[in-house]
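Okay, so here's the structure we're looking at.
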Amino acid sequence: MDGIADQMIAALTGHELNTTQSIIATYMPNNTAMAARAVAIFSARSADAKDRRKPAALLPTKVRSF
């Protein structure tokens, strides 16, 4: 919106300018409230995914002595 120009986004992503503008028109939030909600959902999903990647606590194992 008031950030990076479409041409710069296209240069970074490797898309054609018209494709970049189409993607922006389709996926860019239309207002601040929508953007804030998207960030909140993304953050919650990221935190949930991070929790799932933590290794489970190791259970005690029996040690055999020879």
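The values are calculated or read from the model by the stated rules, or taken from the named source; none is laboratory data. Keep in mind that this is a model prediction, so the values were computed, not measured. In this analysis, Cβ positions are derived from the backbone assuming ideal geometry, glycine residues included, and neighbour counts consider all displayed protein chains. Side chains are part of the model used for accessible areas, which takes the heavy atoms of the whole protein and leaves out ligands, DNA and RNA. Shrake-Rupley method; radii C 1.70, N 1.55, O 1.52, S 1.80 Å.
Across the range 25-45, which residue is least open to solvent (accessible area, probe 1.4 Å) among those that are under 23 Å from Ala10 (Cα atoms) and within 11 Å of the chain's Cα centre (by Cα)?
Kept after step one, since they are under 23 Å from Ala10 (Cα atoms), are these residues of the range 25-45: 25-31, 35, 38-39.
Then drop every residue that is not within 11 Å of the chain's Cα centre (by Cα), which leaves 38-39.
Working: Ala38: 51, Val39: 92 Å².
Among those residues, the one meeting the criterion is Ala38.
For residues that are of a type in the set (Gly, Ala, Ser) and farther than 19 Å from Pro29 by Cα, scanning just the range 8-18, find the one that is least open to solvent (accessible area, probe 1.4 Å). Working first, answer last.
First, pick out the residues of the range 8-18 that are of a type in the set (Gly, Ala, Ser): 10-11, 14.
Checking which are farther than 19 Å from Pro29 by Cα leaves us with 11, 14.
Numbers: Ala11: 83, Gly14: 66 Å².
My answer is Gly14.
Which is modelled with pLDDT of 85 or more and either on the phi > 0 side of the Ramachandran plot or surrounded by fewer than 10 Cβ atoms within 10 Å (Cβ to Cβ) (or both), of Ala56, Ala5? Spell out the reasoning first.
Details: Ala56 fails: modelled with pLDDT of 85 or more.
Being modelled with pLDDT of 85 or more and either on the phi > 0 side of the Ramachandran plot or surrounded by fewer than 10 Cβ atoms within 10 Å (Cβ to Cβ) (or both) holds for just one of Ala56, Ala5, which is Ala5.
Limited to the range 26-42, what total is found for residues that are closer than 18 Å to Ala5 by Cα and either modelled with pLDDT of 90 or more or among the hydroxyl-bearing types (Ser, Thr, Tyr) (or both)?
Matching residues across the range 26-42 total 2.
How many of the residues making up the range 1-52 are outside any helix (DSSP H, G or I), out of contact with any helix residue (DSSP H, G or I) (no Cβ under 9 Å at 6 or more places or on another chain) and of a type outside the set (Gly, Ala, Ser)?
Within the range 1-52, residues that are outside any helix (DSSP H, G or I), out of contact with any helix residue (DSSP H, G or I) (no Cβ under 9 Å at 6 or more places or on another chain) and of a type outside the set (Gly, Ala, Ser) number 3.
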